[in-house]
Amino acid sequence: MNKIDVILGLQWGDEGKGKIVDYLATSYDIVARFQGGPNAGHTLKFDGNKYVLHTVPSGIFRENLINLIGNGVVLDPIVFQKELRSLEASKVMFHSRLLISRKAHLILPTHRWLDAASEAHKGKAKIGSTLKGIGPTYMDKTGRNGIRVGDIAAPDFLERYNALKNKHLELLKIYPAVDFDLEKEEAAWFESLSALTALQLVDCEYYLNDALNSGKLILAEGAQGSMLDIDFGTYPFVTSSNTITAGVCTGLGVAPQRIGRVIGITKAYCTRVGSGPFPSELLDEVGDRLREIGNEFGSTTGRPRRCGWIDIPQLKYTIMLNGVTELCMTKIDVLNAFESIGIANTYEYGGTESDVVPFDLNTNDVKSVMEMLPGWNCALDNASQYEDLPEAALHFVRTLENHLGVRFTMISTGPEREKLIVR
């Protein structure tokens, strides 16, 4: 029985999933995105060009590969249309290879308006939303008010749209005013629906299970990171969907026993965008250097990312939640110029030392207990195999493997497609 393999981030997002999906895609027939919305930013670099995908799965640049946007995704037609136009400008032939689940929910202009008004209302307590309308859309989904891609073809689609819009306009009265040109945004939204409906719409649960049963190989692609999971992340500083392996089942319509390999991605250090706890954060010149060398600015928002050393208790937690079978490390090259490199081995809180992530990481005064390892102080450009890495880099990888109990099968030594060591 064929199984669906999973690739997802183990930290707070921005782990470099896009490049790894692009690399792995040649071994699969279908890449399926299972959750999140246009708050994702998956960056790929090849042939001297840089591409950033927000909704489209990262397998789109591989010819003949089917890419499917699952029912767990929330889709903004305006952002989606811009993305498709960018692909067309790059001569990517996607029309017959990009499928959308009819059950995926639509982000309305008023969802984005609500997001901006709600975040502005929170003031200093804001959670760091990307203001893409993701949260309000998932709220309507669980509140059973949402509009789905398949509803566009319904005879009463306009009535449903207006009913939801009017509900949002009533809600907006409780928030302070924020600038938003609804008339302009609505015009763009309705115009962009044609790009969406020009593609093949499917019942992805049937489509994917039929594909598995007929011997097709499928890779499920996650967005954001495991520490942003709505249930198991650093709540309330989280996203609005299940970013962990369990989200594959509900986001694509496949049973738990159909899950195969689970490839967990971590940077060689740690970053976070927006508010929320970050035990290994470096609020000094070392953190500034990591941000500068790693170009740690959001690919969707442009916001500077907070930086710190890699966090072992946090990674053990997400490896456990996801059932990770193998690890991939990205951005090891960012550490090339550091004399010493930190690993947060355990946490100190409540007068004890522990490797357990506490229930409320937000209010606990959690301090990381650090171990410093020697750096390698050289470029990794000539390392095409694992054994080519300098001894200090090998020691760094082995130390992490000993702590985590899972093997690194891929190590990325640069953003380009070809800079990837596969063991």
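FYI, it's all coordinate maths here, none of it is from the lab. The shown structure was predicted, so the numbers you read here are calculated from the model rather than taken from an experiment. As a convention, Cβ positions derive from the backbone with ideal geometry for all residues, glycine included, and neighbour counts pool all protein chains shown.
Residue separation of Asn2 and Glu339 scaled by 0.36 nm, minus their Cα-Cα distance, works out to 116.7 nm of gained length. Diagonalising the gyration tensor over the Cα atoms of region 268-423 and scaling each eigenvalue by 5 before taking the square root yields semi-axes of 25, 19, 15 Å, largest first. Spin-label model, Glu191 to Ala392: label points 7 Å out along the Cα-to-beta-carbon direction sit 5.5 nm apart.
Taking region 38-163, how much of its Cα-Cα pair set, in percent, is spaced more than 21 angstrom apart?
For region 38-163, the share of Cα pairs beyond 21 Å comes to 46 percent.
Pairwise Cα separations in region 42-86 fall into 10 Å bins from 0 onward with the following percentages, short to long: 23, 57, 19, 1.
Within the same chain, lysines fewer than 8 places from Lys19 are excluded, and of the rest, those with a Cα less than 23 Å from its Cα are Lys3, Lys45, Lys50, Lys82, Lys91, Lys216, Lys267, Lys331, Lys419.
Distances over 20 Å make up what percent of all Cα-Cα pairs in region 170-257? Summing the P(r) tail past 20 Å for region 170-257 gives 63 percent.
When only alpha carbons of the chain are considered, Rg and Dmax amount to 21.4, 66 Å. Using the alpha-carbon atoms, what tilt in degrees (0 to 90, nearest 10) does helix 182-197 show relative to the longest principal axis of the chain? Helix 182-197 sits roughly 80 degrees off the main axis of the chain. Taking a sphere under 12 Å around the Cβ of Asn322 and counting the other residues whose Cβ falls inside, with K and R at +1 and D and E at -1, yields a net charge of 0.
In terms of surrounding Cβ atoms within a 10 Å radius of their Cβ, Arg148, Arg272, Arg305 rank from fewest to most as Arg148, Arg305, Arg272. Tally Lys/Arg at +1 and Asp/Glu at -1 over every other residue whose Cβ is under 14 Å from the Cβ of Gly405; what's the total? The answer is 0.
Annotation for region 332-423: GluC sites (Glu not before Pro) lying in DSSP loop with at most 14 further Cβ atoms inside 10 Å of their Cβ are Glu339, Glu418. For region 319-361 versus region 191-218, the spacing of their alpha-carbon centroids is 37 Å. Can you tell me the orientation of helix 391-404 relative to the chain, as the angle in degrees between its alpha-carbon axis and the longest Cα principal axis, to the nearest 10? Here the helix axis deviates by roughly 60 degrees.
I need to check one value: relative contact order of the chain, counting alpha carbon pairs closer than 8 Å and at least 6 residues apart, in percent.
Reported relative contact order: 20 percent.
Computed per residue of the chain from DSSP H runs no shorter than four, each worth -39500 (n - 2.57), the mean residue ellipticity at 222 nm is -9000 deg cm²/dmol. Computed over region 105-196, the convex hull of the alpha-carbon atoms projects to a mean area of 6.2 nm². Beyond 20 Å, what share of the Cα-Cα pairs of region 14-111 is found? Please give it as a whole percent. Everything past 20 Å amounts to 32 percent.
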